[in-house]
Structure formats: structure tokens, C-alpha cells
Amino acid sequence: QVQLVESGGGLVQAGGSLRLSCAASGLTFSSYVGWFRQAPGLERDFVAAIRWSGGSTYYADSVKGRFTISRDNAKNTVYLQMNSLKPEDTAVYYCAARHAPTGLMTFQSSAEYAYWGQGTQVTVSS
């Protein structure tokens, strides 16, 4: 079974940076880990995803070029480096995971992920 714990959120000024961490257990080399975010009253939106072991990464258009997803398998941790933060990035950020896909997947739908962390708040001031 999979357990996910997010950390690293906080308050940051627009243009600043934060690095979120997702400590994971129970993943395999074929697993995928994604980051989603949700602002109050809005949908939970895809941010980025990465294969646990491999070079495949995926990004939402809204964060491409500003955010970088990476992983440290030795530490069982996935990171989301967020640069050039904007007030519109303010949300609760969630780490999600799924086991090896058996067919096509978009990596962008929350329904494709079976395991979720509790979330960490990111607030970007203007």
C-alpha cells in the first residue's frame, strides 16, 4: 500500500520560489507520481507528473517553464520546484500516485490516481 506526505508549503512573495516535497512509500519503478492543486471553490487541477524511475515528465501549460518535477529514489521523495510564483498559483498542493499503467493515460486527471496525500498550502502574495 502507498502512503504520501506533502511538505514545504508556505507564504512567498510573487516572483519567489518554493520547493514542495512528497515523501512516498509503497511505490515501484513503474509507478507514477503527480502534483495537483486546488484553490477554494475551484476544481483540483493537474500540475505535473513523473515516472518513479525513468525520464518521463509531464506539465500543465500553466506551469511549464516555471515548475520542475523531480525525484530522489534513494530518499523515496518527489519534489516540485516552483519558481517565478504568481498569486494565481495560490492553492493547496496535493501529491498523488498510481501504480504502473496498463494502457493509455493522460496523467492529467485526478481519477487516474488512486493514492493522495493530505495537501500543503502554498500562498503567493502580490
* Please tell me if D89 is farther than 15 Å from Y115 by Cα, open to solvent by 70 Å² or more (accessible area, probe 1.4 Å) and at pLDDT 95 or above. => no
* Structure fact -> Here the residues within region 77-86 that are assigned to a loop (DSSP other than H, G, I, E, B) and open to solvent by less than 70 Å² (accessible area, probe 1.4 Å) are N83, S84, L85
* To do: Could you identify the single residue in A60, A74 that is out of contact with any Ser or Thr (no Cβ under 6 Å at 6 or more places or on another chain), of a type in the set (A, V, I, L, M, F, W, C) and open to solvent by 70 Å² or more (accessible area, probe 1.4 Å)?
  => A74
* Structure fact -> Looking across region 92-126 at residues that are open to solvent by less than 30 Å² (accessible area, probe 1.4 Å) and β-branched (V, I, T), the single one that is farthest from A24 (Cα to Cα) is V124
* **Test set (1) over 21 Å from G10 (Cβ atoms); (2) touching a residue at least 12 places away in the same chain (Cβ under 8 Å); (3) out of contact with any strand residue (DSSP E or B) (no Cβ under 8 Å at 6 or more places or on another chain) - A74 fails condition number** => (2)
* Structure fact -> Among the residues of region 27-57, the number that are in contact with a His (Cβ under 9 Å, 6 or more places away or on another chain) and either exposed (fewer than 15 other Cβ atoms within 10 Å of the Cβ) or in a strand (DSSP E or B) (or both) is 3
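The values are calculated or read from the model by the stated rules, or taken from the named source; none is laboratory data. Only a predicted model underlies this, so the values are computations on that prediction, with no experimental measurement involved. Here Cβ is always computed from backbone atoms with ideal geometry, including for glycine, and neighbour counts include all displayed protein chains. Quick note on the areas: whole protein, heavy atoms, side chains included, nothing else; ligands and nucleic acids left out. Shrake-Rupley method; radii C 1.70, N 1.55, O 1.52, S 1.80 Å.
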